[in-house]
Amino acid sequence: MSKENRQETDAGIVKEIARTTVERSDDIRHDVRALTLKALSEGRLDTKKINKVIHAVMEGASIGAEDKGEQTKDALTDAMSGMDDALAKSAEASKLAIEEAAGHIKDFSSHDLKQALDDLLTLEELFFDTVRDVAKGTNETVKETLSDLVKHAQQSGTNVGKTTSDAATSLNQKLGNTVKDTASATIKATADVVAHIASASAGILEGIADTLQSESKNKSDKE
């Protein structure tokens, strides 16, 4: 099986799990967050991967919510919140990976930092754009609900938006004076740095996901 076909299969699995989660879960927000974190932590955590995961999860969630009647809005609200939580954690992982890269990659430059920060700061808009795209293929009730949820999130703010903004501010303060001040980095060099950050981010996110899963298990055992 080719890499592209395998990715499509993986996306199909994530979509199906998201559908059954929204149909059956007693805690949709928690379970969507867990599913999203797991999917994001596999392979590289880059913009292309994040887009595919958001699309698969929200498409599955939309299908699962279609037949929930009066509970459709609540189910989609919880799914969006779970996705938002997961993306905020991915932003934290990316921040840590950028810091690690700046400290260990010899020729890490201001050009690389700008590229990494740009990728980080697009997360919230990527979230909104992908949900809007998913909404186009749903029934009228789900489409209207998703559109309203995006509008509300834009007005009230999101966890991922706050996290990325704080991370960018922190990284600029910490790394602005330490990275090599040059804009002459080659395209290949920048691509190599971005690939390194994407791989490191996924590894860090996996650790975050495992920690959250362990905390949830301990909480459940106590209850």
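Listed values, structure above:
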quantity	calculated
C-alpha long axis of helix 110-121 to longest principal axis of the chain, angle in °	10
Ranked list, fewest to most other Cβ atoms within 10 Å of each Cβ, for 152, 104, 30, 111	104, 152, 30, 111
Cα shape, the range 1-109, gyration tensor, a/c 1.5 rule	oblate
Rounded if a/c under 1.5, otherwise prolate or oblate - the range 23-63, Cα gyration tensor axes	oblate
Farthest positive-ward along the range 43-196 dipole, Cα basis, beta-carbon charges - from 61, 146, 108	108
Over the chain: helical MRE at 222 nm, DSSP H runs n ≥ 4 each giving -39500 (n - 2.57), nearest 500	-28000 deg cm²/dmol
Which of 156, 50, 214, positive extreme of dipole for the chain (C-beta unit charges)	50
Taking the chain and dividing mean pair separation by its residue count, relative contact order in percent (alpha carbons under 8 Å, at least six apart)	30
Residue exposure sequence - 96, 37, 87 - by fewest surrounding Cβ within 10 Å	96, 37, 87
Helix axis angle, 3-24 relative to the chain longest principal axis, alpha carbon, degrees	40
Acute angle (nearest 10 degrees) that the helix 123-135 long axis makes with the longest principal axis of the chain, alpha-carbon atoms	30
Gyration tensor (alpha-carbon) shape descriptor, the range 44-86, a/c threshold 1.5	oblate
Sorted by Cβ neighbour density within 10 Å, fewest at the top, the residues 31, 129, 118	118, 129, 31
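Each value in this text was obtained by applying a stated rule to the coordinates, not by laboratory testing. Given the structure is predicted, the values throughout are model-derived calculations rather than measurements. FYI the Cβ positions are ideal-geometry reconstructions off the backbone, even for glycines, and counts take in every protein chain you see.
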